[in-house]
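The structure appears right after this line, and notes come after that.
The values are calculated or read from the model by the stated rules, or taken from the named source; none is laboratory data. Remember, it's a predicted structure, so these values are computed and weren't measured experimentally. Here Cβ is always computed from backbone atoms with ideal geometry, including for glycine, and neighbour counts include all displayed protein chains. Note: accessible area is taken over every heavy atom of the protein model, side chains too, but ligands, DNA and RNA are not part of it. Shrake-Rupley method; radii C 1.70, N 1.55, O 1.52, S 1.80 Å.
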Amino acid sequence: MTYDFNSIEEKWQYHWAKNQTFKASNISDKPKYYVLDMFPYPSGAGLHVGHPLGYIASDIYARYKRHKGFNVLHPQGYDSFGLPAEQYAIQTGQHPAVTTEANIKTYRRQLDQIGFSFDWSREVRTSNPEYYKWTQWIFIQLFESWYNYDSNKAEDIKTLISKFEVEGNAKVNSACDENIDPFTAEEWNNYSSEEQQSILLKYRLTYLAETEVNWCPALGTVLANDEIVNGVSERGGHSVVRKKMTQWSMRISAYAERLLQGLDTIDWTDSLKESQRNWIGKSVGASVSFNVNGYDDIIDVFTTRPDTIFGVSFMTLAPEHELVSKITTAEQKEAVEAYIEKTAKRSERDRMADVKTISGVFTGAYAKHPFSKEPIPIWIGDYVLSSYGTGAVMAVPCGDQRDYDFAKYFDIAIPNIFENADISEEAFASKDNVKITNSDFLDGMNYKKASKRVIFELEKLGQGEGKTNYRLRDAVFSRQRYWGEPFPVYYVNDKPQMIDAAHLPIRLPEVEKYLPTEEGEPPLGRADVWAWDTETNTVVSNDKINNTTIHPLELNTMPGWAGSSWYFFRYMEDTINRDNAFATEDALKYWENVDLYIGGSEHATGHLLYSRFWVKLLKDRGFVTVEEPFKKLINQGMILGTSAFVYRVKPNPPHSSGIDYNQADLIKLTNSFPHSVFIPKGLIDSKFGLKLNSKEHLTLKKLYFDWLEKNGFDVSIFQNSAFMLTCAIQPLHVKVQYINASDELDIEALKTDPEFGADYKDAIFISENGDIIEGNNDVYKVGRDVEKMSKSKYNVVSPDSICKDYGADSLRLYEMFLGPLEQYKPWNTAGITGVHNFLKKLWKLYVADTGLKVNNAQPTADNLKTLHKTIKKVQEDIENFSFNTSVSTFMIAVNELTAQKCTSKDILEPLLILISPYAPHIAEELWEQLGNADSISTAYFPIFDASHLVESSKKYPISFNGKMRFTLELPMDMSKDDIEKTVMAHEKTIAQLDGRTPKKVIVVPGKIVNIVG
RNA sequence: GCUGAAGUGGUGGAAUUGGUAGACACGUUGGACUUAAAAUCCAAUGUCCAUUAGGACGUACGGGUUCAAGUCCCGUCUUCAGUACCA
């Protein structure tokens, strides 16, 4: 019997599905364990071999945990709202729901064939109305919440209203918009309902606000930063400007401190926690208010260096700062407006990245220093971002390098307030060893003392206070797109109103086109049936809008991260119980949160931060009991493609002086040279394209000259002159399917390719020794380079073909074998034969041509040693997520047991359990053949017994000055002194020393001997 | 720019707490089997010098600590990712 992986895998995949082998139960005596993958966006291209990497790792872990006696929840679903489906809809007119459904089918088929132990009964899709009903519901909870810093949690907005009714807003300590006017209880009670709504919006955890976006007037839409290349839109190259737009925002900043503190309670990598810490960006300092001369306005700044306040020689506002237009003097108006227009065209990322170009304009206005009362010139500069802090800085050139460069550039004074600091070349930015001088009451103080004093003095003046600032900004939650969750929001007199949760979901309306409207409204502006009837509580036709009972609905949709910020709770609930809650209390209580979460590091500051935010809100409002969604998190790396290149050479027109010929004619002829000639990478000369007068060069030259002659050009004029024929080289991607393990191109396959064959039909390939390849006389070697897998680079490898040719078990093993899970690594299909051969060897260990070989033979000591060192290593590896080394360990075990001719069931049966998380199909099959009725997934993991690994002797490496010269086998229990004596007496030692007396002999028992001298 | 990560043979990678660098594979070369090919099996394979014995060099680069450094410390370079509307 041979290893027929295709039928074995089909058999077991069918078996698992039919018997619901991996269905999780919410009632169990076993301890629970929740393993989750970041769910995929179902793209039209289907899976490539890079996608399942993390899923294989989590599947191994999930299967391992089952062997270890856990009740495992291991679900999967789809993040099925998103831009690509919408782009496709715009191009083809097909409804995104239709293409998404088709894509999901493909994904499911591809995932199924890899043999994952997913509980598909709990699948979720974010674009399903039964799912997004609850995304809308959570949005309403955010709207109905405010953040109370006194209780340090989110509370029902009703508790805020009660406070307002009794005591106004003076004592309210909450996360809210800046600059809210104070009011008394009496004033509050006299406000109109509309005025009250406006005020409450400034406190709600989701609110409407003006935010800046990248607006592309030509496309009539907002663009993401990465849709903008060099300041213009990626599609079409249209200009983009920054523009303010009213959008929903999430007050995530309210949770900044808790998001920061919570990091200490979760088991994530330090690097990931560090990125979140930096993203949250806590800094402690002071806010300082500067009065603007001649106006009532003040400019608030935040500074981490209040101690340097006497070093301020100017202020810089972001060009978008609201005061700029007001305070700019008539003389400066033109320059300021020109500058603002210029910066509106630069993306924020550009502005942050570019620190070399210094630019700015003086507004003509002055602020008053809070202590010295000196006038301070107010500038604008695009190095100040409106979205960070207050959009204004007090510039201290002697203590901040950017301020210093700005001051130098514009010739602004740089007063030195540091004792013994040299600021002739650069700013003195250190906080250590600071001694303040020229600073009135701060003279002689250090950073800490001076900062404290300044804050004290500022508070006395009422011009500032100590303040903690976070870089974390509130998250914009509106998207001007079609394919996302609709908001459960309608507008009465432009004031947003929530639809009662009882009437959810609000389903996406039909539109005839997925583009923005001509007026620049989002695609939902095209819907005809998109108004809310407050009497029937239904969505009705727009023409019924009367603004009394029927009102317009919100036209924006929610962003991609909305649905993914809570999906892990949905899986906890069985599908049948999902109607009345996002998950029942029992389910939430049982599964708590995700024990192991695996996904890409690109989500470090997006998804992973937003999810934590929503979970904290849901906890505050009493819907869940956990503070953090993901206890342990592993980032998997990316599998990159190994692109293949062929190199097309084209002759450059010769250029020779002193000969009479028509150069223009020659160029024309050369450009129409009809042959496609390809040379292998090894023959490329960086200077001339080909090595001059080499064989391949002469081949090209002959073809070229023949062509010239055929067209009536007399080539003899070049024969005797000293001209050089150089060529241009053009590397072209070719499909990696046509490349074998030795980087050789299957020329025939390329020439008959239905897609590109025509381009290569008459191509001439030259081999490494310079000959034209005809038939099988030689091979063409391609060049290789590692790039991201992408359709356009023809380096995409599909798991379908791998499963068909080698089997899912080979794919699973190989993906793990490639290297550490978290690392980026290139895929090269050639290497898969290694693990495939291993599986064949494994099979042969159990099955001979005549049938099963396994018997009840007594295991030998060697058999037991091999088995137990494998148990130990594999268990350690899985627990450390070091899956690549396990695969090597299996190979070593099988090699050893094959050499030992082991047939003992006592060894081979437990070995199958060790391998089953990695290669479940072959393990199940052999397990069954050994006579087991139940699935191997229910078997208990073998117990490691250290007694089988005890060694009596050790092969000591004997080093001289740290260099290993020979090894010596000595008993393990030999004393240090005896080891030294034995080694020193050894003939090889004497030969090495050559009569010298060693200065020192280091003996580390069980490890090494090092002789120095 | 800022933040995070990575650099070891021809290739993917291994190396416990600082203790024999290159496990395990791929590829390559040679051999067995075969009419031949495939499959399978065996052997060699970091680079350089040497007939052998053996030696020198070697973990991105430059320093340092140590009996001993891929591993620890300082500095430099290169590559990748994120940078708030791709998911």
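Remarks
- Matching entry among A:LYS955, A:LYS988 (being in a helix (DSSP H, G or I), open to solvent by 80 Å² or more (accessible area, probe 1.4 Å) and farther than 30 Å from A:ASP59 by Cβ): A:LYS988
- Restricting the search to helices (runs of 4 or more DSSP H) fully inside the range A:537-645 and requiring at least 3 residues that are within 29 Å of A:HIS51 (Cα to Cα) gives A:560-564, A:567-570, A:607-620.
- Residue in the range A:573-594 that is over 24 Å from A:PHE139 (Cβ atoms), open to solvent by 20 Å² or more (accessible area, probe 1.4 Å) and within 16 Å of RNA strand B (Cβ to nearest atom) present: no
- Whichever residue in the range A:419-445 is in contact (Cβ under 8 Å) with a residue 60 or more places away in the chain and closer than 15 Å to A:GLY399 by Cβ and, among such residues, is most open to solvent (accessible area, probe 1.4 Å): A:ASN438
- Contact annotation: residue pairs with Cβ atoms under 6 Å, 6 or more positions apart or on different chains, pairing a residue in the range A:458-469 that is without any contact (Cβ under 8 Å) to a residue 12 or more places away in the chain with a partner that is open to solvent by 60 Å² or more (accessible area, probe 1.4 Å) and acidic (Asp, Glu), are A:GLU459/A:GLU465.
- The range A:771-799: number of residues that are open to solvent by 40 Å² or more (accessible area, probe 1.4 Å) and either at pLDDT 90 or above or at positive phi (or both): 2
- For the condition of a type in the set (Gly, Ala, Ser), more than 26 Å from A:ARG204 (Cα to Cα) and under 20 Å from the mean Cα position of the chain (by Cα), A:GLY599 qualifies.
- The C-beta contact set for the range A:1001-1013 (first residue under 18 Å from A:PRO971 (Cα atoms), second residue more than 9 Å from RNA strand B (Cβ to nearest atom) and outside any strand (DSSP E or B), distance under 6 angstrom, 6+ apart or interchain) comprises A:VAL1003/A:LYS976; A:VAL1003/A:ILE979; A:VAL1003/A:GLU980; A:PRO1005/A:LYS976; A:VAL1009/A:VAL983.
- Residue pairs meeting the criteria (Cβ under 6 Å; at least 6 apart or on separate chains; first of a type in the set (Lys, Arg), in the range A:157-174; second open to solvent by less than 70 Å² (accessible area, probe 1.4 Å)): A:LYS163/A:VAL172
- Where strands (runs of 3 or more DSSP E) sit wholly within the range A:314-410, those with at least 1 residues that are within 34 Å of the chain's Cα centre (by Cα) and surrounded by 13 or more Cβ atoms within 10 Å (Cβ to Cβ) occupy A:314-317, A:392-395.
- Screening A:ALA758, A:ALA763, A:ALA728 for residues that are loosely packed, with under 15 Cβ neighbours inside 10 Å, on the phi < 0 side of the Ramachandran plot, touching a residue at least 24 places away in the same chain (Cβ under 8 Å) and more than 16 Å from RNA strand B (Cβ to nearest atom) leaves exactly one candidate, A:ALA728.
- Of note, A:SER275 satisfies the criterion of being within 10 Å of RNA strand B (Cβ to nearest atom), open to solvent by 30 Å² or more (accessible area, probe 1.4 Å), part of a helix (DSSP H, G or I) and modelled with pLDDT under 85.
- Pick from the range A:482-505, criterion at pLDDT 90 or above and in contact with a helix residue (DSSP H, G or I) (Cβ under 6 Å, 6 or more places away or on another chain), ranking: farthest from A:ASN546 (Cα to Cα): A:TRP483
- Per this entry, A:VAL854 is counted among residues that are surrounded by 19 or more Cβ atoms within 10 Å (Cβ to Cβ) and either among the hydrophobic types (A, V, I, L, M, F, W, C) or under 30 Å from A:SER271 (Cα atoms) (or both).
- Meets criteria (within 14 Å of RNA strand B (Cβ to nearest atom), of a type in the set (A, V, I, L, M, F, W, C) and either in contact (Cβ under 8 Å) with a residue 60 or more places away in the chain or not assigned by TED's automatic domain parsing to the domain that holds A:SER347 (or both)) for A:ILE299: no
- Scanning the range A:816-830 for residues that are within 10 Å of RNA strand B (Cβ to nearest atom) and assigned to a helix (DSSP H, G or I), we see that the one that is surrounded by the fewest Cβ atoms within 10 Å (Cβ to Cβ) is A:ALA830.
- Search result, residues across the range A:411-422 that are farther than 24 Å from A:VAL361 by Cα and part of a loop (DSSP other than H, G, I, E, B): A:ILE417, A:GLU419, A:ASN420, A:ALA421, A:ASP422
- Pick from the range A:336-358, criterion of a type in the set (Gly, Ala, Ser) and without any contact (Cβ under 8 Å) to a residue 24 or more places away in the chain, ranking: nearest to RNA strand B (Cβ to nearest atom): A:ALA353
- Lone unmet requirement of (1) surrounded by 14 or more Cβ atoms within 10 Å (Cβ to Cβ); (2) farther than 19 Å from A:ASN148 by Cα; (3) in contact (Cβ under 8 Å) with a residue 40 or more places away in the chain; (4) over 31 Å from the mean Cα position of the chain (by Cα) for A:TYR191: (3)
Condition check ((1) outside any strand (DSSP E or B); (2) farther than 20 Å from A:ILE340 by Cα; (3) not basic (Lys, Arg)) across all residues:
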{"position": "A:TYR207", "(1), (2), (3)": "no, yes, yes"}
{"position": "A:GLU210", "(1), (2), (3)": "no, no, yes"}
{"position": "A:ASN214", "(1), (2), (3)": "no, no, yes"}
{"position": "A:ALA218", "(1), (2), (3)": "yes, yes, yes"}
{"position": "A:ASP226", "(1), (2), (3)": "yes, yes, yes"}
{"position": "A:GLY237", "(1), (2), (3)": "yes, yes, yes"}
{"position": "A:ARG242", "(1), (2), (3)": "no, no, no"}
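- Qualifying residue in the range A:545-558 (condition: within 13 Å of RNA strand B (Cβ to nearest atom), in contact (Cβ under 8 Å) with a residue 40 or more places away in the chain and under 30 Å from A:HIS74 (Cβ atoms)): yes
- The conditions of being in the same structural domain as A:SER564 (by TED's automatic domain parsing), buried (at least 23 other Cβ atoms within 10 Å of the Cβ) and assigned to a helix (DSSP H, G or I) are met by A:LYS65.
- Here A:LYS853 passes the criteria (1) within 23 Å of A:ASP934 (Cα to Cα); (2) out of contact with any strand residue (DSSP E or B) (no Cβ under 7 Å at 6 or more places or on another chain); (3) not aliphatic (A, V, I, L, M) except the one numbered (2).
- Residue match in the range A:125-138 (condition: part of a strand (DSSP E or B) and either out of contact with any Pro (no Cβ under 8 Å at 6 or more places or on another chain) or over 30 Å from A:ASP37 (Cβ atoms) (or both)): yes
- Output for the range A:447-473, where each listed residue is modelled with pLDDT of 90 or more and either touching a Lys or Arg at 6+ places or on another chain (Cβ under 6 Å) or within 16 Å of RNA strand B (Cβ to nearest atom) (or both): none
- Options A:GLU896, A:GLU925: the member that is open to solvent by less than 60 Å² (accessible area, probe 1.4 Å), within 12 Å of RNA strand B (Cβ to nearest atom) and closer than 30 Å to A:SER810 by Cβ: A:GLU896
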